[in-house]
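One structure below.
The values are calculated or read from the model by the stated rules, or taken from the named source; none is laboratory data. Predicted, not measured: the structure shown is a model, and the values here were computed from it. Counting neighbours? That spans all protein chains shown, and the Cβs are built from the backbone with ideal geometry, glycine included. In case anyone asks, the SASA skips ligands and DNA or RNA and just uses the protein heavy atoms, side chains included. Shrake-Rupley method; radii C 1.70, N 1.55, O 1.52, S 1.80 Å.
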Amino acid sequence: MNKGKRIVIVGAGPAGLVTALGLARQGAQVTVIDREDDILRWPRAMVYLPSTLKVLDEIGLLDKAKSVAAWGHEYNLRFPLTGNIGRLDYHLIEDLTPYSFNLHFGQDVLAEMILEEFLKLPGAEMRWKTSFDTVEQAADCVQVSLHTPNGPRTIEADWLIGTDGARSSVRKDLGVEFEGFTWEDIFMATNVLYDFDKYGYAPSTMVADPDHWCVIAKIDDKQQWRIAYGEDSRLSEETRMARIKERFKHFLPDPDAPLELLAANSYRVHQRSAATYRVGRVFLAGDAAHATNPIGGMGFTSGVQDANTLIKCLGGVINGTLAEDALDWYAYERRRCFLEIANPTAIEFKRRTQERDTAKRMEDEANMFALMADREMSRQAMMSIFNLSGRDYREDWKTTLLVQDQSGQTPALGAHGGVKLEA
Ligand SMILES: Cc1cc2nc3c(=O)[nH]c(=O)nc-3n(C[C@H](O)[C@H](O)[C@H](O)COP(=O)(O)OP(=O)(O)OC[C@H]3O[C@@H](n4cnc5c(N)ncnc54)[C@H](O)[C@@H]3O)c2cc1C
């Protein structure tokens, strides 16, 4: 009965689960598998930028998200060199979008929220402790080999979606290269209880400093915050963990005020993209398709947009409203958005946050203040996050949009004036 609509999704992270919910809502029979035994709880993304809120709205989760999240209306960039603080206020774009704010909550809470809705739908299935092994493709189906608690199993489906993170087994099995590079520095993600509100910290704050740069972001309304910062990769993991509180002294407005360290993780960061996001009946999305350093939230935010485009393109194909060509569009447009928007933006966020050259730091500060002084430019900068959503599919894209892109006529940052969020 569901022939043509059977979809297996590998990975119950945000990209996989948003895709699962959107496709199941369109009548697909969706099985999600994940090698873990439950939702991953360690500290990861927690800032939902306006473009992500639009997707949450489209899949019917925005009201629920609003009810559990902390709200953020301001982005701050702190310049310790001068003590100045750059500020962008999202109220400035209230007349341009209904999503003129950020929400803050852990991606594990999003996963819970989605699973609750997803599992109510007919044909929706979540299989934990189940790992992807290999996939074989035929003209009209895929055979997916899995490791399950009951031994190896093979399931047949019409489509397979690899949302299994940056080390994606699906991508590796397809033999698709993960082009790009890995940064030298190690990133630390720590969750703390600390009253940053009391010291006037915006819910999204970056501190630009070559040695003690950090990102400070609200996780909830109960004074749980993320402090993310860099560590030397030559230090042992034990040393990195042992000196967390010592490092905190550089980031806290009052190092003697009460603080509780709730969780800590270290990880390598990359700027990489899969050479293609589609091989026949198999798609890559989220970190499986691209990886970026998290300063600015480009990875999580892009993954949610991949999911939304796949929901529209694959949903249209399985329901007969779009030709299979829409699947090539998915692969093309999402890769373009990563390479032309997310990747350079994230590299620039990282550069500016970690900049060593004093003259450049002063220039960054001057640029930020020039942006703040220009209301229209500030509005464009805040709206530019919607460029990550990409363009809608059109049947003639190969003779229009593709030609335009190849001739360099498409501004990399699209419709909002080519201004990046960070000035
Ligand atoms: C420590 C840390 C902190 C981060 N902080 C931020 C941040 O502050 N801001 C930000 O924007 N981003 C942050 N990120 C990045 C963000 O978490 C990712 O971009 C996001 O999780 C990607 O979502 P995803 O669904 O593509 O993949 P993931 O969330 O990685 O999910 C992949 C899923 O696939 C499963 N899986 C993997 N292999 C298999 C297999 N073979 N078979 C079955 N299942 C499999 C995994 O168990 C996992 O559940 C952080 C990442 C890390 C690691």
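Structure data summary
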quantity	calculated
Verdict on Ala45 being under 23 Å from Thr134 (Cα atoms), within 21 Å of the chain's Cα centre (by Cα) and within 14 Å of the ligand (Cβ to nearest atom)	no
Test: Gly13 is under 13 Å from Ala307 (Cα atoms) and either more than 10 Å from the ligand (Cβ to nearest atom) or open to solvent by 10 Å² or more (accessible area, probe 1.4 Å) (or both)	yes
Enumeration of residues in the range 247-261 that are surrounded by 13 or more Cβ atoms within 10 Å (Cβ to Cβ) and of a type in the set (A, V, I, L, M, F, W, C)	Phe248, Phe251, Leu252, Leu259, Leu261
Residue, most open to solvent (accessible area, probe 1.4 Å), within the range 16-34, restricted to residues that are away from the ligand (no atom under 16 Å from the Cβ) and closer than 20 Å to Gly280 by Cβ	Gln29
The range 66-84, subset crowded, with 16+ Cβ neighbours inside 10 Å and in a strand (DSSP E or B), residue farthest from the chain's Cα centre (by Cα)	Phe79
Asn319 being within 16 Å of the ligand (Cβ to nearest atom) and of a type outside the set (D, E, K, R)	no
Subset tally (residues that are within 15 Å of the ligand (Cβ to nearest atom), surrounded by fewer than 18 Cβ atoms within 10 Å (Cβ to Cβ) and among the small types (Gly, Ala, Ser)) for the range 163-197	1
Every residue from the range 320-339 that is in contact with a Gly (Cβ under 7 Å, 6 or more places away or on another chain) and of a type outside the set (Lys, Arg)	Leu322, Ala326, Glu333, Cys337
Positions within the range 187-240 being β-branched (Val, Ile, Thr) and farther than 24 Å from His104 by Cα, in sequence order	Thr239
Unique match (being among the polar types (S, T, N, Q), touching a residue at least 60 places away in the same chain (Cβ under 8 Å) and more than 27 Å from Leu49 (Cα to Cα)) among Thr130, Thr97, Thr163	Thr130
Residues satisfying the stated conditions in the range 40-65, i.e. in a loop (DSSP other than H, G, I, E, B) and not aromatic (Phe, Trp, Tyr)	Leu40, Arg41, Pro43, Arg44, Ala45, Met46, Leu49, Ile59, Gly60, Leu61
Residue tally, condition open to solvent by less than 70 Å² (accessible area, probe 1.4 Å), part of a helix (DSSP H, G or I) and within 16 Å of the ligand (Cβ to nearest atom), over the range 210-246	3
Residue within the range 302-312 that is open to solvent by 20 Å² or more (accessible area, probe 1.4 Å) and over 19 Å from Ile59 (Cβ atoms) present	no
Residues located in the range 46-58, provided they are among the hydrophobic types (A, V, I, L, M, F, W, C) and surrounded by fewer than 23 Cβ atoms within 10 Å (Cβ to Cβ)	Val55
Residues of the range 86-132 satisfying the condition of being more than 16 Å from the ligand (Cβ to nearest atom), assigned to a strand (DSSP E or B) and open to solvent by 40 Å² or more (accessible area, probe 1.4 Å)	Arg87, Asp89
Scope the range 273-291; condition more than 8 Å from the ligand (Cβ to nearest atom) and under 11 Å from the mean Cα position of the chain (by Cα); matching residues	His290
Any hit, the range 295-302, residues being touching a residue at least 60 places away in the same chain (Cβ under 8 Å), hydrophobic (A, V, I, L, M, F, W, C) and more than 16 Å from the ligand (Cβ to nearest atom)	no
Unmet criterion (only one of (1) more than 24 Å from the chain's Cα centre (by Cα); (2) of a type in the set (Gly, Ala, Ser); (3) assigned to a strand (DSSP E or B); (4) more than 13 Å from the ligand (Cβ to nearest atom)) for Ser145	(4)
